[in-house]
Amino acid sequence: MAGPLEQFEIKPLADLSVGGVDISFTNSALWMVIAAVLVTCFMTLSMRRGALVPGRWQGAAEVMYEFVANMLKDNVGSAGRKYFPFIFTLFMFVMFGNLLGMIPHSFTFTSHIAVNFALALVIFVGVTVIGFVRHGTHYFRMFFPEGAPIATAIILIPIEIISYFSRPFSLAIRLFANMTVGHIMLKVIGGFVGLIGILGVLPFALLTGITVLEFGIAALQAYVFTILTCIYLHDAIHMH
Amino acid sequence: MPQFDIATFSEQIFWLFVIFAVLYFLMSKIALPKVGEVLERRQKNIEDNLGKARALKDETDAAIAKYEAALAEARDAAQADIREASEKAAAEQAKKTEAMVKKLSKKTSDAEKAIADAKADAMTGVAEAASEIAREATDKLIGVKVQAKTADKAVSAIVGE
């Protein structure tokens, strides 16, 4: 019986290295490729006919498109329009990563802090750059809201700075923790099913329920990751 | 925990960036424009159809208005014709009645004149006869021959009263 952490192990499938940096193609990369291929197939094959009255697959692809487009419009407004491809790619990539992780013996690349933090850092740096490009040095106002009494600066500014810089951590760790804990829980409870004989139906029932819950969490965490990105983007474009 | 094995970070992040970039390219250049185009086309189609329906409705309304105007005109014309015809008939009737009245009154006056003539004739005849009778009577009764002139005078003095 494999331990509950074994499912997170990175296994190189092809060893590669450039300039001493290890860039081996691993199971993580393989599942990223699978996710990317599935997203691409889903979004292109379903729209191949581009029918006026959509079929089931085209309808699903359009629903995803409009879901993300509305999320962006509601949270950022029309100024966020040009970031739509990025937000859409982010949402689909994270969601497919989460959902593919639900396949037994697959690999959940979003359960890895390195992947999540890299994504979060790109978002954080990108949003900060957008903020400074749009507002110049006025963007520093983010750390001291307009209209606050000057005496509160000594408390407000450190708080705002900490909250601003904790964004990538909260983004990355939230997704990592949700995915990791869910998978560990499934594995541990799944282990009980075989261990305790006929009484195993109890953990099995629990496992069934948690599996449903985990599917919900997989979609929900992708949504949370994306909507927080939208909110950060809103701050960068419109300030507070 | 394998998540904290720093040795695997470089490979994960490298492939993340490569695959994410490729997916971003595929989405932004191929997949999303197509979806956007289809949605836009559908929206345009719906609006076009609505516009067409509105235009057809306007056309129908115009046709109905035209038809009603024509109907009203025809009704007016028919009423005018009826009025004219009845007026003409009434005028003719009046004329005929007048002619008839004239004719009748002429007949009446002619008849009255004839009656008056006949009466005058009769009166003269009576006076003559009276004077004749008066002369005969005086002759037979008292044997006096009265002149015709005198008898006439006496009779007309009595009748003329």
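All of the numbers you see were taken from the coordinates with simple rules; none came from a lab. Please read these numbers as outputs of a predicted model, since none were measured by experiment. Here the Cβ positions follow ideal geometry from the backbone for every residue, glycine too, while neighbour counts run over all protein chains shown.
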- Message: Per-residue Cβ counts within 10 Å, from other chains only, averaged over B:39-45: what number is that?
- Response: 2
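For the stretch A:30-74, what is one quarter of the convex hull surface built on the Cα atoms, given in nm²? Before the final figure, lay out the partial values.
On the way: hull surface 14.8 nm².
Averaging across all directions leaves 3.7 nm² for the Cα convex hull.
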- Listed residue (A:Ile161, A:Ala35, A:Ser78) projecting farthest to the positive dipole end of the stretch A:6-238, Cβ model: A:Ser78
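Percent relative contact order of the stretch A:6-238, based on C-alpha pairs within less than 8 angstrom and at least six residues apart?
On the way: 223 pairs, mean separation 57.2, N = 233.
Once divided by the residue count of the stretch A:6-238, the mean separation gives 25 percent.
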- For the stretch A:110-163 and the stretch B:62-79, what is the separation of their Cα centres, given in Å? 75 Å
- Inter-part gap, Cα centre of the stretch A:180-195 to Cα centre of the stretch B:15-60, in whole angstrom, is 44 Å
- For chain A, the Cα-Cα pair-distance distribution in 5 Å bins from 0, as whole percents, is 1, 6, 11, 13, 14, 14, 12, 11, 8, 5, 3, 1, 0, 0
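Which whole number gives the average, over all residues in A:112-119, of C-beta atoms from other chains lying within 10 Å of the residue C-beta?
Values: counts 9, 5, 11, 7, 2, 2, 7, 4.
If you average over the peptide's residues, the count of other-chain Cβ atoms is 6.
Enter the mean number of other protein chain beta carbons within 10 Å of the beta carbon of each residue in A:89-101, as an integer.
Numbers: counts 11, 4, 0, 3, 6, 0, 0, 1, 1, 0, 0, 0, 0.
Per-residue shielding by partner chains comes out at 2.
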- Highest to lowest packing among A:5-12, B:49-56, A:217-224, B:121-128, scored as the average C-beta count within 10 Å: A:217-224, A:5-12, B:121-128, B:49-56
- Expected vector for the stretch B:84-94, Karplus 3J(HN,Hα) from phi with 6.51, -1.76, 1.60 and θ = phi - 60°, integer Hz, x for Gly and Pro, equals 4, 4, 5, 5, 4, 4, 5, 4, 4, 4, 4
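Do the sum for chain A: with -39,500 (n - 2.57) for every DSSP H run of n ≥ 4, divided by all residues, what is the mean residue ellipticity at 222 nm, to the nearest 500 deg cm²/dmol?
Computed mean residue ellipticity for chain A: -23500 deg cm²/dmol.
What ranking do A:Tyr232, B:Tyr24 get, fewest neighbouring Cβ atoms within 10 angstrom at the top? Can you show the working numbers first?
Numbers: A:Tyr232 24, B:Tyr24 17.
Listing A:Tyr232, B:Tyr24 from fewest to most nearby Cβ atoms yields B:Tyr24, A:Tyr232.
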- Message: Mean-square fluctuation check for chain A, GNM, Cα pairs under 10 Å: which of A:Phe84, A:Phe132, A:Phe109 is largest?
- Response: A:Phe132
- Note on the structure: Nearest-0.05 FRET efficiency for A:Phe192 and B:Leu50 at R0 = 60 Å, using Cβ-Cβ distance, is 0.50
- Task: Starting from one equal scatterer on each C-alpha and no solvent at all, send me the Debye-based log10 I(q)/I(0) for the stretch B:45-159 at q = 0.11, 0.17 Å⁻¹, two decimals.
- Result: -0.73, -0.95
- Note on the structure: Ranked on Cβ counts within 10 Å of their own Cβ, fewest leading, A:Leu202, B:Leu23 go A:Leu202, B:Leu23
- Note on the structure: Once phi for every residue in the stretch A:162-169 is put through the Karplus expression 6.51 cos²θ - 1.76 cosθ + 1.60 (θ = phi - 60°), the whole-Hz ³J(HN,Hα) values, with Gly and Pro written as x, are 5, 5, 5, 7, 7, 3, x, 5
- Message: Show me, for the stretch B:107-120, the HN-Hα J-couplings you get by feeding each phi into the Karplus relation (A = 6.51, B = -1.76, C = 1.60, θ = phi - 60°), rounded to Hz, glycine and proline as x.
- Response: 4, 4, 5, 4, 4, 4, 5, 4, 4, 4, 4, 4, 5, 4
- Note on the structure: Quick P(r) readout (the stretch A:51-188; Cα-Cα; 10 Å bins; whole %) gives 10, 28, 32, 20, 9, 2, 0
- Message: Using Cβ counts within 10 Å as a stand-in for footprinting exposure, how do A:Trp31, A:Trp57 rank, fewest first?
- Response: A:Trp57, A:Trp31
- Message: With angles folded into 0 to 90 degrees, how steeply does helix A:27-45 sit against the dominant principal axis of chain A? Use alpha carbons for both and round to 10.
- Response: 80 degrees
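Could you tally the net charge around B:Asp81, taking each other residue with its Cβ under 14 Å from the Cβ of B:Asp81, Lys/Arg +1 and Asp/Glu -1? Spell out each step's value before the answer.
Values: positive: B:Arg75, B:Arg83, B:Lys88; negative: B:Glu73, B:Asp76, B:Glu84, B:Glu87.
Within the 14 Å Cβ shell, the charges total -1.
According to the Kirkwood expression over distinct Cα-Cα pairs, how big is the hydrodynamic radius of the protein assembly as shown, in Å? Intermediate results must be reported in sequence, preceding the final value.
Values: mean 1/r = 0.0323 Å⁻¹.
By the Kirkwood definition, the hydrodynamic radius is 30.9 Å.
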